[in-house]
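In what follows, a structure is listed as structure tokens, so that the remarks can point back to it.
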Amino acid sequence: MSAYAMDLPRDKEYFVDLHIGDPELVRLIRGDITKYHADAIVNAANSQLLPGGGVCGAIHQAGGVAIAEECARIRSERGPLSPGQAVATTAGRLDAKFVIHAVGPVWQGGNDGEPETLSGCYRESMRIADELKLSSIAFPAISTGIFGYPVEQAAWVAVSSVIEGLRFAKHLVFVSVVLFDKSSLDVFASAKTSRRPPVSGNPYKVSIGTM
Ligand code: AR6
């Protein structure tokens, strides 16, 4: 099936797999990332690495205080993170080995380098996970909540960035983007990566699964 003309199931839970290589896979799926299994779960963090609201608050709440304690130690050692940067901590009680805290851009209208910064979040998180020799990573839709990044525009940045990240990774083979609501999944699943083609330009197969 073409990556650009998909019929998405309307009444069923579904996921979309982008077969980047063998076994490299990107999965777009609906769910609560705090209940998702991956070697690394990515947090849409703030510069201060404080437990905030949104997915960040949910990750800290589900993972327990050990995550906030390690965040506080990192903050005192290196100061606040800039947008686009990321750092790994324990995952506490989450079903993961690490949480990677990535600071997304606050949407300013789109002419303030937001796409590059958002892409940097995905690429830097994957670089850290690959350095930790992890094979799987799960992202939320960074910046599309409290930080106000329009989902349609975030989707193609996210999808093309994780595809590129996989092509450079040595250990990572499975990337999930876990969308909290169905409308975000529909937008991500329809994302046209043609505006920013993968580095190698290789086509990939797309499959849809239902649950
Ligand atoms: N699982 C998956 N996705 C979720 C979950 C969840 N449990 N909960 C929310 N989302 P946001 P941001 C989605 O606001 O825009 C925090 O206070 C949500 O629907 O969590 O990067 C931080 O500390 C949305 O699509 O992150 C920062 O200060 C996406 O996650 C600031 O908010 C991101 O929404 C970061 O804002």
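I'd like to know if segment 23-41 contains one or more residues that are over 28 Å from Phe168 (Cα atoms) and over 17 Å from the mean Cα position of the chain (by Cα).
no
Determine whether segment 191-199 contains at least one residue that is within 15 Å of Leu118 (Cβ to Cβ), within 15 Å of the ligand (Cβ to nearest atom) and modelled with pLDDT of 95 or more.
No.
Conditions (1) at pLDDT below 95; (2) in contact with a Pro (Cβ under 7 Å, 6 or more places away or on another chain), marked per residue:
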{"residue": "Ser135", "(1), (2)": "no, no"}
{"residue": "Thr144", "(1), (2)": "no, no"}
{"residue": "Pro150", "(1), (2)": "no, no"}
{"residue": "Ala154", "(1), (2)": "no, no"}
{"residue": "Phe168", "(1), (2)": "yes, no"}
{"residue": "Val173", "(1), (2)": "no, yes"}
{"residue": "Ala189", "(1), (2)": "yes, no"}
{"residue": "Val206", "(1), (2)": "yes, no"}
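Could you tell me whether Asp112 is in a helix (DSSP H, G or I) and away from the ligand (no atom under 14 Å from the Cβ)?
no
Among (1) assigned to a helix (DSSP H, G or I); (2) within 13 Å of the ligand (Cβ to nearest atom), which single condition is Gly165 missing?
Here Gly165 meets the rest and fails (2).
Check Ala66, Ala91, Ala96, Ala86 and return the single one that is surrounded by fewer than 16 Cβ atoms within 10 Å (Cβ to Cβ) and in contact with a Gly (Cβ under 9 Å, 6 or more places away or on another chain).
Ala66
Is it the case that segment 148-158 has a residue that's in contact with a helix residue (DSSP H, G or I) (Cβ under 8 Å, 6 or more places away or on another chain), assigned to a helix (DSSP H, G or I), more than 9 Å from the ligand (Cβ to nearest atom) and among the charged types (D, E, K, R)?
Yes; the residues of segment 148-158 include at least one that is in contact with a helix residue (DSSP H, G or I) (Cβ under 8 Å, 6 or more places away or on another chain), assigned to a helix (DSSP H, G or I), more than 9 Å from the ligand (Cβ to nearest atom) and among the charged types (D, E, K, R).
Of the residues that make up segment 173-192, is at least one hydrophobic (A, V, I, L, M, F, W, C), over 16 Å from Leu25 (Cα atoms) and assigned to a helix (DSSP H, G or I)?
Checked against the condition, which is being hydrophobic (A, V, I, L, M, F, W, C), over 16 Å from Leu25 (Cα atoms) and assigned to a helix (DSSP H, G or I), segment 173-192 yields at least one hit.
The values are calculated or read from the model by the stated rules, or taken from the named source; none is laboratory data. Only a predicted model underlies this, so the values are computations on that prediction, with no experimental measurement involved. Here the Cβ is made from the backbone with ideal geometry for all residues, glycine too, and neighbour counts use every protein chain on show.
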